[in-house]
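Coordinate-derived values only; no laboratory data. Worth saying up front: this structure is predicted, and the values here are computed from it rather than measured. Please note: Cβ atoms are built from the backbone with ideal geometry, for glycine as well, and neighbour counts cover all protein chains shown.
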Amino acid sequence: MERRSFVKHAGVAGILAAGTAPAVHAQQSIRWRITSSFPKSLDTLYGAAEVFAKQVTAASGGRLTVTAHPPGELVPAFGVVDAVQKGTVEGGHTAPYYFFGKDETFALDCAVPFGMNSRQMTAWMYHGNGLKLTRDFYRQYDIVNFPCGNTGVQMGGWYRKEIKSVEDLKGLKFRVGGFAGRVLERLGVVPQNIPGGEIYPALEKGTIDAAEWVGPYDDLKLGFYKVAKNYYYPGFWEGGPQLSIYLNAKTWEALPADLKAIVEAAASHAHVDMQARYDALNPQALRKLIAEGTRVAALPRDVLQASFKAAHEVYAEVSAKNQNWNKMWADYSRFRGEQYQWFNYAERSYDNFMFSQKL
Ligand code: CA
């Protein structure tokens, strides 16, 4: 009885408090929609947009309510840049290299063949010049970017036929993400830029000969092992592909400082969370793929060597033509060089020893 009476009184007090607190009412909730380039079934990639959305909504106590949306619900998979630029949606989550057709420089905010690995990329973004340079670049698209996820080194994809040497790439119709196609076409590959949700039917029908997506966890879900038996590594075109949250610049600038801090922290959280998720989930998925009869093999050395040479020829050509690229690549490639010089000491020797042990 006493308790009920207390609750009743608290209720009345609450109503009175709300009635005498106009500041609470004046503060309207802001609503953002984040359009993703990835199908909802991929809880790693699409999941990062959801992690970001939930974190911002919870940390702001609902003052900034963010929702994630799969491709097609608001915007097509490859429509993210246009939609965010125009303000059709407040934000997007994507792999920037999808947009290299607008400007090759997009790829440097994601992955280029023989680029930096996940840790090095994050170092460049957070404590090198990466964030500053990419933000300068995105200004022309009215976009403000935040690193939001990395897959780690990807696998080299699924092939109907074995790849025994660089000769086997000639005429190969290969679904490959982003800018890598520019490099691989020099070796005779016919690159196909197909969104994640449409790869399986193309590989099943034989419209394409091979396809890469990410790595064991996602690839198992997408079922490629059912239609192509040869699974190669490494995906040298994606040594540490970084995903990004894009926000419309005006939307971002209109935000008060405390909500800006919440958005930044949520993006960093989702960024770390995705890599952790992939690292935790890939081992079991690879075991399952092998149990299903997948043939896992390293790409021949001559494929990597020829691709490395072709990649750096492409970079020199793009540098000569594209000022945006030239400026960013100069810094990116310098940072990459320094990182590999350092990783060659402690990281490499530790890993080499550990790989040689029975764990
Ligand atoms: Ca990929």
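Across segment 182-202, the number of residues qualifying as within 16 Å of the ligand (Cβ to nearest atom) and under 22 Å from Val303 (Cα atoms) comes to 7. Annotation: Asn145 fulfils all but one of (1) touching a strand residue (DSSP E or B) at 6+ places or on another chain (Cβ under 9 Å); (2) part of a loop (DSSP other than H, G, I, E, B); the unmet one is (2). Taking each residue of segment 62-73 that is on the phi < 0 side of the Ramachandran plot and looking for partners that are of a type in the set (Asp, Glu) with beta-carbon atoms closer than 9 Å, six or more apart or interchain, yields Arg63/Asp258; Val66/Glu90; Thr67/Glu50; Ala68/Glu50.
Would you tally the residues in segment 239-262 being over 30 Å from Ala311 (Cα atoms) and either buried (at least 24 other Cβ atoms within 10 Å of the Cβ) or hydroxyl-bearing (Ser, Thr, Tyr) (or both)? Total satisfying the criteria: 2. Restricting attention to segment 153-169, which residues are among the hydrophobic types (A, V, I, L, M, F, W, C), assigned to a loop (DSSP other than H, G, I, E, B) and away from the ligand (no atom under 16 Å from the Cβ)? Listed by number, the list holds a single entry, Ile163.
Check Ala266, Ala285, Ala254 and return the single one that is touching a helix residue (DSSP H, G or I) at 6+ places or on another chain (Cβ under 6 Å), more than 16 Å from the ligand (Cβ to nearest atom) and over 25 Å from Gln339 (Cβ atoms).
Exactly one of Ala266, Ala285, Ala254 is touching a helix residue (DSSP H, G or I) at 6+ places or on another chain (Cβ under 6 Å), more than 16 Å from the ligand (Cβ to nearest atom) and over 25 Å from Gln339 (Cβ atoms), namely Ala266.
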